1. Go through Leu842, Leu859, Leu869 for me and flag whichever is touching a residue at least 12 places away in the same chain (Cβ under 8 Å), touching a strand residue (DSSP E or B) at 6+ places or on another chain (Cβ under 8 Å) and more than 15 Å from Arg741 (Cα to Cα).
2. Can you report the number of residues in segment 332-364 which are closer than 16 Å to Leu377 by Cα and within 34 Å of the chain's Cα centre (by Cα)?
3. Any residue in segment 349-364 that is buried (at least 16 other Cβ atoms within 10 Å of the Cβ), of a type in the set (Gly, Ala, Ser) and either in contact with an Asp or Glu (Cβ under 8 Å, 6 or more places away or on another chain) or without any contact (Cβ under 8 Å) to a residue 60 or more places away in the chain (or both)?
4. Restricting attention to segment 308-325, does a residue exist that is buried (at least 19 other Cβ atoms within 10 Å of the Cβ), among the aromatic types (Phe, Trp, Tyr) and not assigned by TED's automatic domain parsing to the domain that holds Thr699?
5. Within segment 960-979, count every residue that is assigned to a helix (DSSP H, G or I) and either assigned by TED's automatic domain parsing to the domain that holds His545 or over 21 Å from Gly671 (Cα atoms) (or both).
6. When you go through Gly947, Gly951, Gly971, Gly920 one by one, which is the residue that is crowded, with 22+ Cβ neighbours inside 10 Å, at pLDDT below 90 and farther than 19 Å from His571 by Cα?
7. Looking for something under 35 Å from the mean Cα position of the chain (by Cα) and modelled with pLDDT under 90 - is there at least one such residue anywhere in segment 579-589?
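The values are calculated or read from the model by the stated rules, or taken from the named source; none is laboratory data. Because the structure is predicted, anything quoted here is derived from the model rather than measured. We place every Cβ from the backbone using ideal geometry, glycine too, and count neighbours over all the protein chains shown.
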Amino acid sequence: MTDQITIRGARVHNLKNIDCDIPHGKLTVVSGVSGSGKSSLAFDTVYAEGQRRYVESLSAYARQFLERIEKPDVDLIDGLAPAIAIKQKNSTRNPRSTVATATEIYDYMRLLYARCGTVHCIVCNGVVRRDTVDEIAAAILALGEGTRLHALFPVQRTDQPVSPEREPEKKSAKRAQKATLNGKNDTESPLNDALKERLNDLRKRGFNRLYQNGTIYEFSTPESLLEINFALPVFALVDRIVVSADNRARIVDAAEIGYRESGEILYEIVPLDSETTERERLRFSAAFECKTCHRVYREPEPRLFSFNNPFGACPRCQGFGNTIDFDLDLIIPDKSKTLDEGAIDPWNRPKYRPYFTELKKAAKQHGIPMNVAWYDLEPDQQSFVLDGRDGFLGVHGFFAYLERKKYKLHVRVMLSKYRGYALCPECKGQRLRAEARAVRIGEQQGANCSRNICEAAGLTIAEANSFFGGLKLTPMHAEIAGSILHEIQQRLHFLNAVGLDYLTLDRLASTLSGGESQRIQLATSLGSQLVGALYVLDEPSIGLHTRDTAKLIRILEDLRDLGNTILVVEHDADVIRSADYLLDLGPGAGEFGGRVLAGGTVEEVEHNPDSLTGRYLNGQLTIPIPTRRREPGPNSGKDWLRLRGARSHNLKGIDVEIPLNMLVCITGVSGSGKSTLVHDVLYRAVAHQLGKGEGADPTNLYKELKGVERLNDIVLVDQNPIGRTPRSNPVTYIKAFDAIRELFAAQPEAQRRSYTAGHFSFNVPGGRCDVCEGDGTVTVEMQFLADVELPCEECRGTRYKASVLEIKYKGKSINEVLNLTVKEALRFFVGQPKILDKLAVLDEVGLGYVRLGQSATTLSGGEAQRVKLAAHLATVRSTGSVAKKGGSRVLYVLDEPTTGLHFDDVSKLLTAFRKLIDGGGSMLVIEHNLDVIKSADWVIDLGPEGGSKGGQVVATGTPEQITQNELSHTGFWLSKVLARRESSREPLQEAENEIAV
C-alpha cells in the first residue's frame with residue numbers, strides 16, 4: 001500500500017474535477033462552507049469507492065443481500081484502505097436496541113451472568129445451586145467424629161422437586177398415585193407395576209434394605225415389606241456410616257450412588273437415644289435447585305438474559321418493557337396535586353367518589369398524608385395508594401374490579417380513557433423473566449452491592465465502569481470472568497472517553513441524538529482494535545460541549561495511532577487545529593464550491609490567502625461580539641416566561657425564567673438536561689396552553705407556567721426531514737413553488753393550451769409523467785440481485801410530460817428551473833417579487849447552494865432545520881407590518897442549529913436570528929457553539945455535570961455574567977472567547993492552545 005490515498009478527477013455532485021491526496025496513518029480534516037463539497041469528497045467519493053470495491057470482491061450470491069453501490073464519478077482512486085463510515089444520523093428505530101446492545105456490552109454481560117452469577121429462588125430468595133460430592137463430604141465430616149448416619153436415597157419420589165414448567169405434571173402424578181394406593185386392584189395399576197419393577201431392580205443390583213420412619217426393612221424377609229406404607233416416602237439404605245476422616249471414601253461413595261440412582265442423597269443422623277423419634281436429615285441434590293424450598297431451576301445460560309429471545313424475555317410484555325394497560329400518567333395526570341385535591345382522576349367522578357372516601361379512611365389508618373403532592377410522597381406511600389393493603393383495594397384493585405364489569409358499555413368507555421402504554425406490571429420495565437432477574441453478581445461485597453443484570457444495565461456508563469471495575473468474585477469465578485470483564489471495561493472506558501458517561505446502558509438507541517449515536521459507533525470501532533482501516537466521520541463534535549472536545553480529539557488520535565487513517569468532515573475549530581493534514585474546499589457553496597482551496601498542515605492553510613477557513617483560524621475574520629445586548633424587560637412578569645418545578649428525567653424540579661424578544665441560549669455539558677427541559681417540558685407545556693399540543697396534558701412535569709399569554713405561537717424548528725419522499729423539496733416547503741407554477745401557467749403558450757398551475761406540479765396527475773408518476777425514476781426488480789433504479793425512459797428523469805416542458809419562461813422549462821441553485825434562481829427571477837422574497841430567505845440562512853427541486857431526502861439535518869427557519873423568516877417578512885405593531889409574538893425553539901455550519905455560515909445564521917427577533921419573535925436555542933453563545937442576549941446554563949449529576953440551573957444572565965460563575969463549565973470556556981474581544985493574533989492562539997489542552 002502507498003503512503004497516501006490518491007484521488008484524481010473527482011466530479012461527484014458539485015466537485016469540479018478535483019485532485020487531492022490524503023495521507024495514510026494521519027488525521028485529516030476536510031473543512032469548508034456548507035455545501036462546498038466536503039461530504040461529496042469524503043463520503044460519496046472516498047468511502048463509496050471503498051465500499052464498492054469491498055462488495056465487488058464478494059461472490060454473486062453474497063452481493064444479492066447487499067445494497068447496490070454505484071461507482072463514483074472519479075478518474076482514479078489509488079491506495080484506498082478498507083473504509084468504515086460513521087455518520088451523525090441516528091437511523092436506529094428498533095425498540096429493542098439499547099446502548100448496551102449497540103456496543104456489544106450486553107452480550108458480554110449476558111455471558112458474565114450466565115457463568116458467574118448466583119441464582120436466587122424466585123419464591124423464597126434462597127440460593128439455587130447443585131451440591132458437589134466434595135461439598136457433601138466436607139459437610140458430613142463437619143458433623144464431628146463418631147456421628148452415626150444412615151445414607152439414603154428415595155425409592156419413589158413423591159416429594160420430587162420440579163421446575164415451574166412441570167408443576168401441572170407433578171399434580172397429575174400425585175393424583176394418579178393416590179388413586180392407585182387407595183384402589184382395590186393394586187396389581188393392575190401401571191404405577192404399582194412400576195414400583196414393583198423398581199424394587200426388583202434395586203434388589204438385583206445389591207440393595208438389600210429399605211428404610212421408612214426409622215425402621216429398616218430387609219428384602220431377605222419379604223413379610224416385613226408388608227408393613228411399609230408406600231403412600232409415604234420410602235428410601236433405600238445405601239450405607240450405615242460413622243463419621244471419621246477414614247470413612248470419607250464411604251461418604252463419597254454413598255453420595256455418588258444416591259446421585260446415580262435418584263439424583264439426591266440423604267444423610268439421616270441416628271440419635272444416641274433409641275427412643276427419640278425426631279431425626280435430623282441432611283439432603284443433598286444433584287439437581288440445580290433451591291436449597292430452601294427445593295424448587296428446580298434450569299442452569300443460567302446467555303440466552304436466558306436476552307430480552308430478544310423468548311427463552312429470556314418477560315412473557316407479559318415480550319421483552320419490550322411496556323404493555324397496553326392502564327397508564328399511570330392518565331390516572332394521575334397532574335402529579336403536583338395532592339390526594340385531597342383529586343390527584344386520582346377516576347375517583348373524582350361522582351359515581352366513584354366512594355372509593356375516594358375509602359382512600360381517606362385507609363390513609364388515616366396508615367399515616368399516608370393527603371395534603372402532600374403526589375410526586376413528593378414516599379415510594380412506599382405511593383405503592384400503598386396504587387396496590388392497596390389491609391382491605392383497601394388501591395388503584396390497581398379498583399381497575400381490576402372494573403375489568404369484571406366490562407359487559408357494561410359505560411364501564412368500557414370509562415376504562416378506555418385510562419388505557420395507554422404503561423410499564424409492564426410483571427417485569428416493571430426490566431424486560432426479562434423472573435428467573436433471569438433472580439441471578440445476581442457482586443454478593444461478595446455484601447447484599448446491598450449485588451445487582452441483577454437489569455439493575456446493572458440501569459447504571460450510567462460511569463457508574464457501570466465503577467461497578468464492574470470493583471467487582472469481587474470467588475477465585476474460580478474470577479478466572480472465568482477475567483477476559484469477559486476486560487472486554488466490558490474496555491468498551492465502557494471508550495464510551496466514557498467520548499463524553500457519554502451520563503447515558504445509561506439500557507437507554508433506547510432510538511432516543512439518542514445523531515452526535516451521541518455517532519460517538520457510540522466511534523467507541524465501538526475503537527474497541528474493535530482494527531488496524532489499517534480508513535475511518536470516515538461526519539462532524540463527531542456535534543452535541544459535544546467544548547469541555548469534552550479534547551476527549552474526542554484524544555479518541556481520534558488513539559484510533560490513528562493504532563495504524564488507521566482518519567478522514568473527518570468538521571467545522572469545530574479545536575478539531576480542525578488538531579488535524580495532521582487539512583483540506584479546505586470552497587470558495588462558496590453548490591455551484592460556487594467543489595474546489596480545493598488549500599491543503600497541508602494547519603499552519604500552511606492559515607497562511608493561504610485563498611482559504612476562508614484559514615482566515616477564520618488566524619483571526620483575520622471573526623464573528624463579532626455584539627457591542628450591545630438586548631436587556632430583558634422589567635422584572636414584572638409581563639416580558640418573561642416563567643416555568644416552576646420542572647421535573648422530567650434528570651431535572652431536579654428546577655425553576656427557569658426565559659426573557660422574551662431576545663436570543664436566549666440553553667447551555668450545559670452533554671446530558672445536563674437541556675433537551676429534556678426545552679423539548680419534553682417547556683415546548684409541550686406552552687404548546688398545550690396555546691391549544692396546539694398533542695397527547696396528554698404535561699402538567700405532571702411542572703408545577704406552574706406563567707407568561708404564555710405573551711405569546712401567539714410556539715414553533716419547534718428541529719432537524720427532522722422536511723419530507724420523507726423524493727417529491728418534497730425546499731421550494732415546496734417554503735411555498736415558493738406555488739408562485740413559480742402560477743408564473744408558468746400565466747405564459748401565453750400555457751394559456752393557449754388551457755394549462756393551469758396544477759399542470760406544472762409533479763404531485764398530482766395532469767402534467768406529470770404518467771409512467772413514473774412524477775418521481776423521475778423507475779425501479780426494476782432483479783429477483784435475486786439488488787433492485788436497479790433507472791431514469792424514467794418516458795420523461796428521461798424530468799418528471800413532466802413533453803408537452804408541459806415546451807412551456808418556457810425566459811428560455812427555461814419548469815424542470816430546468818427546478819435544477820437552478822437558489823443563487824442562480826435569484827438572478828433568474830428578477831422582477832418577480834412573490835418568488836424572490838421567499839427564495840431570498842433561503843440564501844440568507846446559508847442555503848444559496850441548494851437546488852430548488854433538490855429532494856428533501858438528500859438534505860442533512862442542519863440543512864432541513866435551516867429550510868424550516870427560512871420558511872418562518874419568510875412568514876415574518878410577509879407580515880412585517882403586523883410584526884412592527886407587536887402582533888407576531890412567536891417563540892422559536894431550535895436544537896443546535898449550527899450543526900453542519902462553517903464559521904461564515906454561523907454569522908449568516910445569527911443575522912437570520914436577529915431578523916426574527918426584530919419581527920417580534922423570541923429565540924430559544926440549545927447550543928454548544930461558543931460563537932452563538934457569545935452572541936446571545938441571555939444564557940441559561942444547566943449542569944453542573946451530565947445524567948444524575950445534572951438537571952440543575954447552574955447560572956443565568958448575560959454571557960459576561962455566566963463567566964463569573966465558577967461552577968459553570970460553559971462560563972470557563974466562554975471567558976476564553978470573550979477575552980479575545982480586543983485581542984491580537986498572539987493571545988488568540990494562546991487561548992486556543994489552552995482549549996486544545
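1. Only one candidate qualifies: Leu869.
2. 9
3. yes
4. no
5. Final tally of qualifying residues: 6.
6. On inspection, the qualifying residue turns out to be Gly947.
7. Taking every residue of segment 579-589 in turn, at least one turns out to be under 35 Å from the mean Cα position of the chain (by Cα) and modelled with pLDDT under 90.
Every residue, every condition in (1) surrounded by 19 or more Cβ atoms within 10 Å (Cβ to Cβ); (2) assigned to a helix (DSSP H, G or I), yes or no:
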position: Arg629; (1), (2): no, no
position: Pro632; (1), (2): yes, no
position: Ile658; (1), (2): yes, no
position: Thr667; (1), (2): yes, no
position: Ser672; (1), (2): yes, no
position: Arg684; (1), (2): yes, yes
position: Thr725; (1), (2): no, no
position: Asp738; (1), (2): no, yes
